[in-house]
Structures are given as structure tokens and as C-alpha cells.
């Protein structure tokens, strides 16, 4: 079968190739999915560039991507939640990475039936970003009337996080560029901040939650805008000590500057590492079918144009998700 693989670490255009690989076999708890569509995410780009070698070492060549939507064509002997012919979607576990292929084997507990009102391409755009948004905001303890700042509202995670926060009844601030203000407002954000013309730190005050999707200085700045006793949840900042231990990082301590900020605001800080979860995907499925959450797709590419899809992702100009059609 055909697959999009990283053949070496380095520049995207030189490190990705379409190869012939063996069709995967399944274990007792797996389903085999005929891939109809797959989405690519910043983590896929980072893998190819070699930025994650220490955390996610891979044998090369390796098939890329985690998001998938397709049809179950085979199931393991222990699987009783799916049948051959079911239309499904998933963010596959790390050890089963490789959705940019004609078939992928996936643990059944990481799979959900896809939303019935979405195309395969739309469904494939949701899993990683949707799970990241749901799990991060749920960790924060989000509740009705909370004030939440979500950075980068036009991104894959940000656009879904805005919608999920509104489902929970929160007041949502978000940041985006001038060109994206109008359509980000349509996602339901209460206050869209144009970072090119406005300083979010002068607008957001006493937030209950800051969802840091950008890292760098935005992580420390979050403590300027949260209330006393608030929480900063990050998917791009430094690791917290518990997460560092999970990754096997020995003798890790939070940077001193961040520790001081946490103490000053009597706040909490957590780096949230998304985990595949079919039950959570089913929650998202129900919200999509109730039209309370909608996918945001920037562009759909053919399988033959997969390298172009990665180059577009790398441009940073995507509004929403980049999807590859394998049908």
C-alpha cells in the first residue's frame, strides 16, 4: 500500500516521500481502518524537522500523521464495539502513528464512530485538535461564567477550544490577526483581540483560565492576566514537574521565574499532554451532531500533493486544519 513517510530528519521538501509499505496487521484489540482522509498537525511537521527526536524517537522511514477518518474493514477478536463497515474517526496512539496511508491499525478504545453530519475530510480534521481542546479545558475545571483567554483562536486547537468553552458557558477572550477577526467572532468568542492593533494584557483582567497555545513569553505573561488562584493550562510552554516525570525527564524543576509567578498569583500551572480517547471523541461527535461544534478546514489536498500540504502547514497561514484526501 502507499504511505507518506519521513525518510530523514530535515527540511520538509527533502524529507518526505510516497513509499510502498506493507499493509498493517491487527492485534486482538485493534480495528483496521481503510483511510478516507487524514489531517496533519504542527506535531507532524516538528517530527519531520527532527525537533522531537528526544521525546518521540522513530525508526526511519516512518509513516506520518495521527488524525484519521475512514471505514472499518477488519476487527480484532476482542473488539465488540465496532463492526466491519462502520464509519469512524480517531487520533491514533503514538505507537500506531501513520494515518497517511491507505490502511492503519488502531486500538479500538482510541476510535469513535464519526459524526454523521460530517464528510470524511471534516471528521479527519477534528481528533487531535478536538481532544486537545476538550482535555485541556476539562483539566482546567472550566465551568459556566468562567472568563477564559484562548490564544491563537484561528488555529486548529484554538478554533475548537473557543467552541468548546462556549458549550461550557464560559466568557471567551481570544487573540488573532486582523485578517481573521471576523470569522473567529463567528465561532462564538465574546471578545476577539486583534494582536496587531491591541494589547491583550490591557484588555483581559482577572481571567479564571488562560489556555496557552503559543508558549515562549506568552506562558509567563499569562500570570499577568489571571485572577488570584487562577490556572494556566499550556500545550506549548515548559513542562510542569509531573509531566516531566511522565516523560522520563530526571531531576526536573520549573524555571525559577515561572515558580515565582505561580506563587505570586497563588495559581496553578499545568502542561497538558493530549491522550487518545475514543470516549472523548464520542462526546465531541455528539456536540458536532447537535451543531454546537463545527470543524474548521483551511484546505484539502490530494494524496499525491501531500508534500504541498506540509509546505502549506509550515507557512503558518492556515486558517483551521489542513486535510489530505486518500479516497
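So the values come out like this:
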| read-out | value |
| --- | --- |
| Residue in the stretch 248-269 that is closer than 28 Å to residue 92 by Cβ, surrounded by fewer than 19 Cβ atoms within 10 Å (Cβ to Cβ) and touching a residue at least 24 places away in the same chain (Cβ under 8 Å) present | no |
| Identity of the residue in the stretch 300-327, in a strand (DSSP E or B) and within 17 Å of the chain's Cα centre (by Cα), that ends up nearest to residue 185 (Cα to Cα) | 321 |
| Test result for residue 238, in the same structural domain as residue 136 (by TED's automatic domain parsing), more than 17 Å from the chain's Cα centre (by Cα) and not in a helix (DSSP H, G or I) | yes |
| Flag if residue 160 is buried (at least 24 other Cβ atoms within 10 Å of the Cβ) and either at positive phi or within 13 Å of the chain's Cα centre (by Cα) (or both) | yes |
| Test: residue in the stretch 71-82 that is buried (at least 24 other Cβ atoms within 10 Å of the Cβ), touching a strand residue (DSSP E or B) at 6+ places or on another chain (Cβ under 8 Å) and either under 24 Å from residue 301 (Cβ atoms) or at pLDDT below 95 (or both) | no |
| Subset of the stretch 101-131 [in a helix (DSSP H, G or I) and touching a strand residue (DSSP E or B) at 6+ places or on another chain (Cβ under 9 Å)] | 108, 110, 120, 121, 122, 123, 124, 127, 128, 129, 130, 131 |
| Tally, over the stretch 204-235, of residues that are closer than 19 Å to residue 174 by Cβ and surrounded by 17 or more Cβ atoms within 10 Å (Cβ to Cβ) | 22 |
| Residue 280 vs. criteria within 27 Å of residue 10 (Cα to Cα) and not in a strand (DSSP E or B) | no |
| Residue under evaluation residue 259, criteria (1) under 17 Å from the mean Cα position of the chain (by Cα); (2) not in a loop (DSSP other than H, G, I, E, B), criterion not met | (1) |
| Selected residue [in contact with a helix residue (DSSP H, G or I) (Cβ under 8 Å, 6 or more places away or on another chain) and touching a residue at least 40 places away in the same chain (Cβ under 8 Å)] from 207, 189 | 207 |
| Conditions (1) under 19 Å from residue 297 (Cα atoms); (2) touching a helix residue (DSSP H, G or I) at 6+ places or on another chain (Cβ under 6 Å); (3) not assigned by TED's automatic domain parsing to the domain that holds residue 93: number failed by residue 117 | (3) |
| Condition met for residue 23 (touching a strand residue (DSSP E or B) at 6+ places or on another chain (Cβ under 6 Å) and in contact (Cβ under 8 Å) with a residue 40 or more places away in the chain) | yes |
| Residue match in the stretch 307-323 (condition: modelled with pLDDT under 95, assigned by TED's automatic domain parsing to the domain that holds residue 116 and over 25 Å from residue 183 (Cβ atoms)) | yes |
| Output for the stretch 11-22, where each listed residue is in a loop (DSSP other than H, G, I, E, B) and modelled with pLDDT under 95 | 11 |
| Check on residue 154, part of a loop (DSSP other than H, G, I, E, B) and either modelled with pLDDT under 95 or buried (at least 24 other Cβ atoms within 10 Å of the Cβ) (or both) | yes |
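The values are calculated or read from the model by the stated rules, or taken from the named source; none is laboratory data. This is a predicted model, so every value here is computed, not measured. Cβ atoms come from the backbone with ideal geometry, glycine included; neighbour counts cover every protein chain shown.
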